[in-house]
Amino acid sequence: MTDRVVKKIVIAGGGTAGWMTAAALSKFTGRAGIDLCLVESEAIGTVGVGEATIPPISGFNAQLGIDENEFVRATQATYKLGIEFVDWGGLNERYFHPFGTYGFELEGINFHQFWTKARLNGEHHSLDEYSLNALCAYQGKFIRPEPDHGAVVGRLAYAFHFDAGLYAAFLRQIAEINGVKRIEGKIEKVVRGSESGFVDALMLESDRRIEGDLFIDCTGFRSLLTKGEAGGQFVDWAHWLPANRAVAVPCERIGDPQPFTRSTARSAGWQWRIPLQHRTGNGHVYCDEFMSADEAETILLDNLDGKPLAGANHLRFRTGHREHFWVGNCVSIGLSAGFLEPLESTSIHLIQSGIAKLISLFPRKVNSPREQNEYNRLMRDDFEHIRDFLILHYKATKRAGDPFWDYVREMGVPDSLTQKMALLRESGRFFKYDAELFDLTSWLAVAEGQGWGPEGYNPMVDALSDKNLGQSLGNMRGVLAKTAAALPTHQAFIKRYCKAPPVAFESTR
């Protein structure tokens with residue numbers, strides 16, 4: 001009966017998505033009298049949905065009561081202050097997308113309006129000089145902001161690089177302590193009600209039947225519970241984000257890990273570099289219409305910092321999302337819901353966002369159409385907002401000569417992105433839509449870094465004299481530079497507070 005009260009939740013699939021969901025839900029289900037189990041098979045590999053994150057992950061961990069030092073040690077993590085982009089705007093160019101903010105407001109007006117006026121008047125101080133995150137990243141500095149560190153250090157925003165497999169294992173311990181039952185087995189069949197179409201049970205290969213009231217699909221790209229008609233059509237964004245394949249290889253870490261991710265544009269996509277304590281994660285995202293798998297792997301292997309530690313792992317994907325994230329009594333979270341390439345480290349965030357919305361809209365009864373519709377609307381907005389920001393990276397490029405880059409530079413883009421780019425380009429104006437993830441700092445960093453920065457500014461800025469403007473900007477640079485210089489190194493901070501035990505690798509190459 002679809003009007004029964006939800007008393008049992010079944011999570012299909014483990015990995016990062018499954019155990020993040022289990023750990024978060026387990027905080028509430030036991031006290032609410034709801035049974036929670038997770039079904040996974042050790043015989044089925046998982047896709048690492050990302051080893052780099054964005055700052056909201058700290059809030060997720062904090063809500064679970066996780067000690068940050070313990071988490072960093074357990075996952076071989078390092079700290080992340082932003083992303084360096086190499087060769088994106090044009091060859092031999094680079095820029096930094098920092099977390100946090102640029103500069104300080106003046107007269108109640110956003111800092112970048114004053115910076116833009118100074119730039120147009122001939123000043124040549126980069127945005128990086130006004131970002132504590134950028135200054136610390138390039139100097140290899142880090143400190144975890146504490147209340148007694150002062151307002152300037154308090155502006156330092158951070159996320160993490162970590163081993164996704166170790167993170168899933170870490171969360172599994174938390175979930176099981178909170179009462180989550182793990183069931184080993186491969187899912188052979190999804191049993192649905194003949195009239196309602198709702199999921200009644202999962203049949204395992206062992207003929208074991210797992211019944212439930214609410215099901216969470218965390219089965220990755222396989223989407224075992226929501227593929228086909230159940231999840232509606234797939235909303236395909238390949239025409240805007242044409243990269244559809246990736247090859248990944250871990251390698252030996254050379255030198256101290258830098259506190260930032262690096263994204264280097266290649267002829268038909270881009271390469272990531274993610275430094276962990278025990279190794280460096282590397283991957284090459286590309287479009288197979290413009291490059292073969294062998295060529296992509298060769299480019300990746302030729303541009304590693306150190307010796308490969310495993311064989312190349314090739315992945316196929318489609319950019320977009322399922323038309324419906326919540327159908328009947330089944331909610332898709334993680335790769336089963338959709339995929340956006342990891343250019344801005346949003347894969348784990350979309351898992352986190354899906355979990356948070358599910359908790360906020362948790363249904364009392366199995367059939368909950370109002371909650372379902374609202375969840376679908378909110379998740380669709382999340383995907384579309386991130387989609388537009390990712391497209392910006394490809395559209396706002398001066399690269400020419402490579403067929404891939406010629407295509408993305410000339411392609412049409414969603415109207416929502418056209419409007420944002422025009423406002424930012426013409427007068428430096430930016431407004432977030434609803435609960436949009438990326439803010440002014442992010443959009444300004446990419447646009448300016450790739451040669452699409454503001455060509456005008458808010459005329460209210462002219463109320464401040466050029467002399468006072470120059471002094472104010474100079475004071476900002478001085479304070480931020482002095483602060484960054486005084487901080488400990490990233491490696492020294494890790495060594496003191498959260499150094500992970502050594503891990504031995506056996507190369508399979």
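Below, the figures for the structure above:
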read-out: Matching residues in the stretch 38-60 - criterion: being surrounded by fewer than 19 Cβ atoms within 10 Å (Cβ to Cβ) and at pLDDT 95 or above; value: Pro55, Pro56, Ser58, Gly59
read-out: Verdict on Leu241 being part of a loop (DSSP other than H, G, I, E, B), among the hydrophobic types (A, V, I, L, M, F, W, C) and more than 30 Å from Gly212 (Cβ to Cβ); value: yes
read-out: Residue in the stretch 16-30 that is touching a Gly at 6+ places or on another chain (Cβ under 8 Å), at positive phi and buried (at least 24 other Cβ atoms within 10 Å of the Cβ) present; value: no
read-out: Any chance Leu392 is under 14 Å from the mean Cα position of the chain (by Cα), in a helix (DSSP H, G or I) and not polar (S, T, N, Q); value: no
read-out: Which listed residue is in contact with a strand residue (DSSP E or B) (Cβ under 9 Å, 6 or more places away or on another chain) and part of a helix (DSSP H, G or I), from Ala169, Ala157, Ala137; value: Ala137
read-out: Answer from Phe234, Phe221 - the residue that is out of contact with any Leu (no Cβ under 9 Å at 6 or more places or on another chain), among the hydrophobic types (A, V, I, L, M, F, W, C) and in contact (Cβ under 8 Å) with a residue 12 or more places away in the chain; value: Phe234
read-out: The stretch 1-12 residues that are surrounded by fewer than 18 Cβ atoms within 10 Å (Cβ to Cβ), paired with ones that are part of a strand (DSSP E or B) (beta carbon under 6 Å, 6 or more apart); value: Asp3/Lys365; Val5/Lys365; Lys8/Asp35
read-out: Where Gly122 falls short, out of the listed (1) modelled with pLDDT under 95; (2) part of a helix (DSSP H, G or I); (3) not hydrophobic (A, V, I, L, M, F, W, C); value: (2)
read-out: Conditions (1) touching a strand residue (DSSP E or B) at 6+ places or on another chain (Cβ under 9 Å); (2) outside any helix (DSSP H, G or I): number failed by Asn367; value: (1)
read-out: Residue match in the stretch 425-436 (condition: of a type in the set (Asp, Glu), under 23 Å from Thr397 (Cβ atoms) and part of a helix (DSSP H, G or I)); value: yes
read-out: Some residue of the stretch 262-274 being touching a helix residue (DSSP H, G or I) at 6+ places or on another chain (Cβ under 8 Å), over 30 Å from Leu225 (Cα atoms) and surrounded by fewer than 19 Cβ atoms within 10 Å (Cβ to Cβ); value: yes
read-out: Answer residue from the stretch 84-101, given it is of a type in the set (Phe, Trp, Tyr) and out of contact with any Asp or Glu (no Cβ under 9 Å at 6 or more places or on another chain) and is surrounded by the fewest Cβ atoms within 10 Å (Cβ to Cβ) among those; value: Phe99
read-out: Scan of the stretch 427-441 for residues that are under 25 Å from Ala118 (Cβ atoms) and small (Gly, Ala, Ser), ordered by number; value: Ser427, Gly428
read-out: Residue that is surrounded by the fewest Cβ atoms within 10 Å (Cβ to Cβ), among those in the stretch 424-459 that are more than 20 Å from Arg409 (Cα to Cα) and aromatic (Phe, Trp, Tyr); value: Phe431
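Residue-by-condition table, conditions (1) at pLDDT 95 or above; (2) of a type in the set (D, E, K, R); (3) more than 30 Å from Ala137 (Cα to Cα):
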site	(1), (2), (3)
Leu156	yes, no, no
Phe162	yes, no, no
Gln173	yes, no, yes
Glu176	yes, yes, yes
Val180	yes, no, yes
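Residues are listed down the side, and each one gets a yes or a no for (1) of a type in the set (Phe, Trp, Tyr); (2) modelled with pLDDT of 95 or more; (3) more than 30 Å from Ala23 (Cα to Cα):
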{"position": "Asp388", "(1), (2), (3)": "no, yes, yes"}
{"position": "Asp402", "(1), (2), (3)": "no, yes, yes"}
{"position": "Trp405", "(1), (2), (3)": "yes, yes, yes"}
{"position": "Pro414", "(1), (2), (3)": "no, yes, yes"}
{"position": "Leu437", "(1), (2), (3)": "no, yes, no"}
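The values are calculated or read from the model by the stated rules, or taken from the named source; none is laboratory data. Everything numeric here is computed off the predicted structure, so don't read it as measured data. Every residue, glycine as well, gets a Cβ built from its backbone with ideal geometry; the counts of neighbours run over all protein chains shown.
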